[in-house]
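The values are calculated or read from the model by the stated rules, or taken from the named source; none is laboratory data. Bear in mind that the values here come from a model prediction, so they are computed numbers and not experimental data. For neighbour counting, all protein chains shown are included, and Cβ atoms are generated from backbone atoms with ideal geometry for every residue, glycine included. Areas reflect the complete protein model, heavy atoms only, side chains present, ligands, DNA and RNA absent. Shrake-Rupley method; radii C 1.70, N 1.55, O 1.52, S 1.80 Å.
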Amino acid sequence: MPQPEKQSGNATLFIAGKSWLHRLHPFNKLLYILLTGVIIYAGPKGWPVEVFLITLNGIMALTGGVFTAAWRLLWRSLLPLTLFMITIHGFLHADNRIILFSFGRLHFYQEGFVFAINVLLQLNAVLTASLLFVFCTHPADLISAISQAGWPPSLAYLLSSPLLLLPLMHTRIRTIQAAQRSRGLDSEGNFFKRFLALFPLVTPLVLGALVEMEQRSIALEIRGFNAPGPTTSWRTIADSTGQQAARWTMFFLIILLIIGRIFR
Amino acid sequence: MPALEIAHLTYTYPTGTRPSLQDLSLRVEKGELLAVIGENNSGKSTLCYAIAGVIPHFFHGQFNGSMLVGKVNTADQTISALAEHVGLVMQIPGNQLSGVRFTVFEEIAFGLENLGMNRQVIHARTTAALALTGLSAFAERSPYQLSGGQQQKVALAAVLAVSPSLLVLDEPTTFLDPQGARQVFDILLELKRQGKTIILAEQRLEWIAEFADRVIVLQNGEIMLCDTPEEVLRHPQIKRMGLDWLPYTKAAAMAKEEGLWAKDRPLSSTFSATVAGLQNG
């Protein structure tokens, strides 16, 4: 199936490619995210597990050809959080006992630092697994997988329409903003001015969105969205026995980990 | 059997105080291109919606009379079930995109998927619709990155792929530039040549004068005139219906006043007929 290139016309982070990760069934990638989360919160504790998962995700990103993109997004989103968490927990965590270093009367503690690092590693493991999914799964493939699995088309619509329609909404906001400014609306300056400028922006945006919603509902109806009988899908998602087996294995692992956590 | 038969249709929107369509009866033969004209709020869009089943299934309101598309009574079917019989193209191009398909090919195939067609049929029909609308080169592009004219062609192709017996277009060129409008009209002309039944609500009278088989003029939801384009577009009453003569008709009328037009020759409504009338005095 030809994959469309990354386009500004939608809000996806998908990067076109033909790697094994791209070819993997979308449900397998989704289950892997879930499995990572369950391992982190219900599986064996400790930083070696988290480091192992992050390393595994890194290797997968490398072989999937999305390592650079994942790395860029990861450090941009995690750096501010890392600095914030290490500072807060290092200085203020409730279990702080052992002082690592001091700034005058301010003490930075080992327990808070370890706690922050542990939380960040957990977050990193889940986030990297999620990035593998969004970078290597075209939303159209996810929607087709949902349709092929016999789930309701409205679910697929709920998942995909924001990706396509939010950029259009953003464009409309900019257009309304430009139109209102050309008519003398001052949307710059202090908070009060900006707040007042919101009304002439929001009113046409909401009214326009309502009209568009009505039109789009009609458009969907006249193209048979609610037609009786089974639907088909042009995009077919490969789902080999091996992939199915992997999916079931992950599913049972998740169940086992949860049961193990309950009875531990 | 006619492609469309409407009998005594009267419809009032749920929030309306007066009927938007009043005792409207109409028969459209297979292969006919019927143009619907009239001023704003004359009932053109309401009529298009009613033919596609959007009225009374989406906009409820008070619906009396009957509407048959072939043998199908639109009141007895859901809009989605009617999709195989009637194709509707609306005014605003972007609002007709499904919001769930990422390429032009998939957008056009969307209706076929909903109707449960197999992959071979989807491929054949979508490819044919792409070719007919000149969109083959855009098949793998995002429909959201296309121009308004191209998006309107996508909407038209999506409807054509389903291959309905009746095609209804509600002012499809309103938001298009002259070039985009020309492209849409060229496609309609090709469909007319192929024998498709088309109902076109439109404000661009020049095109209607040239290519429509029949024209109806709506005013306050009633059919005021129904005849060939030549007869309707040069009709003296048309000015009282919020419309105007075409420049060619005006030129012919002025020529008649100046004695440059034969007294027994009717006024013309196309460029070529006006030139011929002036040449023959």
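According to a simple spin-label model (label point 7 Å from Cα along Cα-to-Cβ), what is the distance in nm between residue A:45 and residue B:239? Output for this residue pair reads 9.1 nm.
May I ask you to list the residues of the stretch B:148-169 whose amide nitrogen lies under 17 Å from a point 7 Å from Cα along the Cα→beta-carbon direction of residue B:124? Counting backbone N atoms under 17 Å from the label point, the list is B:160-164. When chain B is described by a simple charge dipole with +1 on each Lys and Arg Cβ and -1 on each Asp and Glu Cβ, the residue from B:138, B:266, B:149 located farthest towards its positive end is B:138. Expressed as a whole percent, the accessible surface of the protein assembly as shown that belongs to carbon and sulfur atoms is 62, based on a 1.4 Å probe.
The largest accessible area among B:190, B:107 belongs to the first residue in B:190, B:107, and the rest follow in falling order (1.4 Å probe, all chains).
Among A:101, A:64, A:231, whose Cα lies farthest out toward the positive end of the dipole of chain A, if unit charges sit on the beta carbon of Lys, Arg (+1) and Asp, Glu (-1)? Result: A:101.
Probing with 1.4 Å while keeping every protein chain in the model, the per residue accessible area of the stretch B:101-162 equals 30 Å².
Which of A:85, A:156, A:210 sits farthest toward the positive end of the charge dipole of chain A, with +1 on the Cβ of Lys and Arg and -1 on the Cβ of Asp and Glu? Of the listed residues, the answer is A:85. Would you mind checking B:30/B:71; B:44/B:250; B:30/B:239; B:44/B:196; B:192/B:239; B:44/B:153 for any pair whose Cα atoms are more than 23 angstrom apart? The answer is B:44/B:250; B:30/B:239; B:192/B:239.
What is the helix-to-structure angle for B:104-114, meaning the angle in degrees between its Cα long axis and the longest Cα principal axis of chain B, kept from 0 to 90 and rounded to the nearest 10? Roughly 70 degrees between the two axes. Surface calculation, 1.4 Å probe, protein heavy atoms: residue A:68 sits at approximately 80 Å² accessible.
Only protein heavy atoms count here; under a 1.4 Å probe, residue A:251 has an accessible surface of about 90 Å². Amide hydrogen proximity for residue B:169: with H placed 1.01 Å from N in the peptide plane, the residues at 5 or more positions away or on another chain lying under 5 Å are B:89, B:199, B:200, B:201.
Legend: mean number of C-beta atoms from other chains within 10 angstrom of residue C-beta atoms, peptide B:76-82, equals 5. Counting only Cβ charges, +1 for Lys and Arg and -1 for Asp and Glu, the dipole size of chain A around its Cα centre is about 260 debye. Residue-wise HN-Hα couplings along the stretch B:214-231, as the Karplus relation 6.51 cos²θ - 1.76 cosθ + 1.60 with θ = phi - 60° gives them from phi, are 8, 10, 10, 10, 9, 9, 6, x, 10, 7, 8, 9, 8, 6, 5, x, 4, 5 Hz; Gly and Pro carry x.
Among residues other than residue A:88 with Cβ under 14 Å from its Cβ, the summed charge is -2 (Lys and Arg +1, Asp and Glu -1).
For the stretch A:232-251, heavy-atom accessible area (probe 1.4 Å) falls by no less than 10 Å² from the chain alone to the full protein assembly at A:232, A:233, A:234, A:235, A:236. Among residues other than residue B:109 with Cβ under 12 Å from its Cβ, the summed charge is +2 (Lys and Arg +1, Asp and Glu -1).
By the combined test of axial Cα extent (at least 15 Å) and Kyte-Doolittle hydropathy (mean at least -0.5), the qualifying DSSP H helices of chain A come to A:26-42, A:47-64, A:67-92, A:110-136, A:153-182, A:191-222, A:241-263.
Computed from the Cβ-Cβ distance with R0 of 22 Å, the FRET efficiency linking residue A:177 to residue A:207 stands at 0.90. Charges were assigned to the Cβ only: +1 to each Lys and Arg, -1 to each Asp and Glu. The resulting dipole of the protein assembly as shown about its Cα centre is roughly 1700 debye.
Expressed as an acute angle from 0 to 90° and rounded to the nearest 10, what is the orientation of the C-alpha long axis of helix B:178-193 relative to the principal long axis of chain B? Helix B:178-193 sits roughly 80 degrees off the main axis of chain B. The alpha carbon centroids of the stretch B:169-228 and the stretch A:41-112 are separated by 65 Å. In this assembly, the A-B interface accounts for approximately 3700 Å² of buried accessible surface in total, computed with a 1.4 Å probe and without ligands, DNA or RNA. Counting Lys and Arg as +1 and Asp and Glu as -1, what is the net charge of the other residues whose Cβ lies under 15 Å from the Cβ of residue A:117? Every neighbour counted, the sum reads -2.
With the simple model of a label 7 Å out from the Cα in the direction of the Cβ, residue B:60 to residue A:158 spans 2.5 nm.
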